[in-house]
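The values are calculated or read from the model by the stated rules, or taken from the named source; none is laboratory data. Because the structure is a prediction, the values reported are computed rather than measured. As a convention, Cβ positions derive from the backbone with ideal geometry for all residues, glycine included, and neighbour counts pool all protein chains shown. Remember, those area values only see protein heavy atoms, side chains included, never the ligands or the DNA or RNA. Shrake-Rupley method; radii C 1.70, N 1.55, O 1.52, S 1.80 Å.
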Amino acid sequence: MNSKVWSMALLLACSQVKAQDVVKYVQPMAGSGAATTPAALKHGAGTELFANTIPSVTTPFAMTQWTPQTQPSENKCIPPYHYNDDHFSGIRGSHWLSGSCTQDYGSLTVMPISGHLKTAVTDYAVPFAHADEKASPYQYNINLKSYALQASVTSTPRCAIMQFTATKADSVYLLITPNSDYKQGFIKIDAANDEIQGYNPVHRIYQGWGKEAGFKGYFVIRIERAAGTTGTFAGGRTFNVATISNQQDIGAYLGFKLKAGESIRVRIGTSFSSMAGARKNLEAEIPGWDFEAVAAKNKAIWEKALSQITLKTDVEKDKRIFYTSFYHAMQQPRLYNDVDGSYPEFASVNKIGKLQSGNYYDDFSLWDIYRAHLPLFELLQPKLVNDVAHSLVLKGQQGGWLPVFPCWNSYTSEMVGDHCSSVIASAYLKGISTFDAKEAYRLIRQNAFDTPASRADYVEGKGRRALDSYLKYHYIPVEDSVPDAFHKKEQVSRTLEYAYDDYAVAMMAKKLGKTADYNQLMKRAAYYGNVFDKSTGMVRGRHADGSWVSPYSPDSKVYYITEGTARQYTFYVPQDVPGLAKLMGGPAQLENALDSIFTKNEYWHGNEPGHQIPFMYNFTASPWKTQQQVRNILANEYGDGPGGLSGNDDAGQMSAWYMFGAMGLYPLNPVSGQYLLCSPIFDKTSISIANGKKFEIITHKTTKTAQYIYAVKWNGQPVSKNYITYNAIVKGGKLDVYLQEKPDKHWGAKVDMQPKGMGIDAR
């Protein structure tokens, strides 16, 4: 996005802000503490007990988020800010994957102090209370009473402006640190050009743990006034030199004399391509020193983005949770290119590409966001999804193979599955994409059918893990320990997720006229049945000789299941719920199995493979149970406080689930374009579709507490289906949902009212 486009976007946002002021509902601290929800307390443990969101000052899908720092490390599973911490150590320009258990990378921190110069974080970190903070999506303020300083930050997609104000006359120092945990990094005080330049090299985790990722987090900083004293530091020692690099805890300091009420303003440009790129970004996005003007423009951007969905309800808490979820859903994927289109090519070493149009994105928590997060933006921002899909295709072309979980612009092979297939196929099938469909299909087909010939490429993270076993046995036997993956084993979960991915590739093959591929992939999409044990009615680990793993404990975490239990993962067949029901003995048995996970308190909302479970009653004779269970989850597993998310938010998937559930629909099978209906919690939801159309959901209640559907109308006509399609929604229209106190046993209960499965059993 060049400077002219950015300026026009800001003016447009300012002119289109709704009078309702929805940004006030966002609670940036939500999810920054330990989860307090019932499912999290029962099933979560360790890092899974935290949502791992941070109070980001940012713009939607920005390159860099700006957050208060209470944890100075970039280590895995340690977000820059924990709500329960009590020491502040600066404002960080962060690349934390929101709601994850991964890492920050390429970050920098600016810390203001007063009095005597201190350069060790253990010395200058200062106590604070949450009453001293004020957080919003567009601005963060903190009163550092111990230093008699007030600090504020606001931002643009790639840049920030900070303001530090003294409340009493004193010496004030700004400490600028590239946050490398590897004794690397560079910083230079360039007095001739009135700026500070630096970088923090990015390192990988999972595949290639600790290796440099081939690019850096670059920054260029400009200060509004000349410093009285400057220098550099490392490991708590100071130096009278302008440049320092590749030592422990390096940084630069700038000293000033401030009177009471005087301020210092700092402008920061960031880039993943070069320091020149960071400078261009800064000149384009924040050319002046008007902090309040930048903050106002940022607020306008958020008002416009959040106002794409408007809500009518008397329950203010529900608005807070919804708009906070919306804010969290717009943290990632991450913008990677500079204003001139420059970006680091995928899985390369210091190789810079240049886009001719659109934006390049990375940091895809793909095991999570293909379920509800990206389908949400297929409705709201198809241009973003097109850029996302094109970015994934570029990664496949530049690295040779589509990545399965691309983060920090590298291969990772984190988690299980191959969900690039779902994202690319879904964008193509919905008519969103402008990428070369044949080239995109070549890449997703390669992942589905081939394994890299080079052992080194496979270890690097290219290709599906254990694909050879999957193709040989039609499931992954437990004898294959899947050694070249961060998540080893987990054979049953991999089998289930590959079956869904094969379905996704099959759907694209069908539209492209690849009949032979389609037929073969549809057979593979039914392989989920090969890990289903009819004697237990659930999935189970299986040996290469076909025998089942014993002993069997469906409600215990086991090595062949990813982050959960066999009972929980049994329901992961989004492409063919009717087929799963058939394996169980019919829809009545599916309903009984669904009942069991809730009556036994084994439903764990904090982990993604269960997210479709409450909606699966729409494939039984009791869709009213979907309405009941979704309402229970919305009420009990989400809140507006620091512990209000039921586990890792995972780049917005948990938050997107709330948004869909609260609005009354959910994309159980993302590729299909079908959204299963449940009962909305709002009186009215109005969604501005990107093509200028409007999709409205109007709720009619017989009583204030009514929650069960007894009728649905689409544009005034009765609806016989218990789902609505993508094509209908994007054309715009009005969905009237009628609710009553008691369950209606007839609405949506017949098979012809429900989505169809694959209609194939070719295991």
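Points worth noting:
- Max-minus-min Cα coordinates of region 126-187 on each principal axis give 35, 29, 20 Å, with the largest extent listed first.
- Neighbour cut-off at most 16 other Cβ (10 Å), DSSP loop, chymotrypsin sites (Phe, Trp or Tyr not before Pro), region 183-228: Trp209
- Its Kirkwood hydrodynamic radius, worked out from the mean inverse distance over all distinct Cα pairs, puts region 163-224 at 14.0 Å.
- A crude spin-label estimate for the pair Ser688 and Asp545, with each label 7 Å from Cα along the Cβ direction, gives 6.5 nm.
- Per residue accessible area in Å² of the chain, where ligands, DNA and RNA are left out and the probe is 1.4 Å: 33
- Cross-link reach list, lysines versus Lys259, counting only Cα pairs under 20 Å and skipping chain neighbours closer than eight places: Lys145, Lys168
- Phe598-Val241 pseudo-label distance in nm [points 7 Å out on the Cα-to-Cβ vector]: 6.7
- Here the Debye sum runs over all C-alpha atoms of region 298-423 as equal scatterers in vacuum, and log10 of I(q)/I(0) at q = 0.15, 0.19 Å⁻¹ comes out as -0.75, -1.08.
- Alpha carbon Rg of region 451-501, scaled by the compact-globule rule 2.2 N^0.38 Å: 1.06
- In region 502-632, the convex hull through the Cα atoms has an average projected area of 9.1 nm², a quarter of its surface area.
- Within region 35-61, backbone nitrogen closer than 14 Å to the virtual label 7 Å beyond the Cα of Cys101 toward Cβ: 35, 40-41, 43-53
- Ordering of 115-126, 527-538, 172-183 by packing [mean C-beta count within 10 Å, highest first]: 172-183, 527-538, 115-126
- Bins of 5 Å, starting at 0 and running to the largest distance - Cα pair percent for region 72-122: 4, 18, 27, 24, 15, 7, 3, 1
- Put His746, His373, His700 in order of accessible area, highest first, and with a 1.4 Å probe you get His746, His700, His373.
- In this label model, Glu316 and Lys168 are separated by 3.7 nm, measuring between points 7 Å along each Cα→Cβ vector.
- Computed helical MRE - 222 nm, the chain, DSSP H runs ≥ 4 contributing -39500 (n - 2.57), nearest 500: -8500 deg cm²/dmol
- Computed from the Kirkwood radius of its Cα pairs, the Stokes-Einstein diffusion coefficient for region 115-224 at 37 °C and 0.692 mPa s stands at 198 µm²/s.
- Taking the convex hull of Cα positions in the chain, its mean projected area over all directions (nm²): 30.3
- Cα-Cα over 31 Å, subset of Lys118/Lys183; Lys76/Lys188; Lys42/Lys750; Lys510/Lys557: Lys42/Lys750; Lys510/Lys557
- Set of aspartates and glutamates with alpha-carbon distance to Lys694 below 12 Å, sequence-local pairs under 8 removed: none
- DSSP-loop trypsin sites (Lys or Arg not before Pro) across region 286-391, with at most 13 other Cβ within 10 angstrom: Lys351
- Principal axis dimensions, region 702-749 - Cα atoms, whole angstrom, descending: 32, 23, 16
- By the rule of a C-alpha distance below 29 Å, with chain neighbours fewer than 8 residues away ignored, the lysines paired with Lys745 are Lys312, Lys534, Lys582, Lys600, Lys625, Lys684, Lys701, Lys704, Lys713, Lys721, Lys734, Lys756.
- Computed over region 431-537, the range of Cα coordinates on each principal axis works out to 42, 38, 23 Å, biggest value leading.
- Region 426-505: Lys pairs at Cα distance under 29 angstrom, eight or more positions apart or on different chains: 9
- Hull volume in cubic angstrom per residue (convex hull over the Cα atoms of region 46-88): 92
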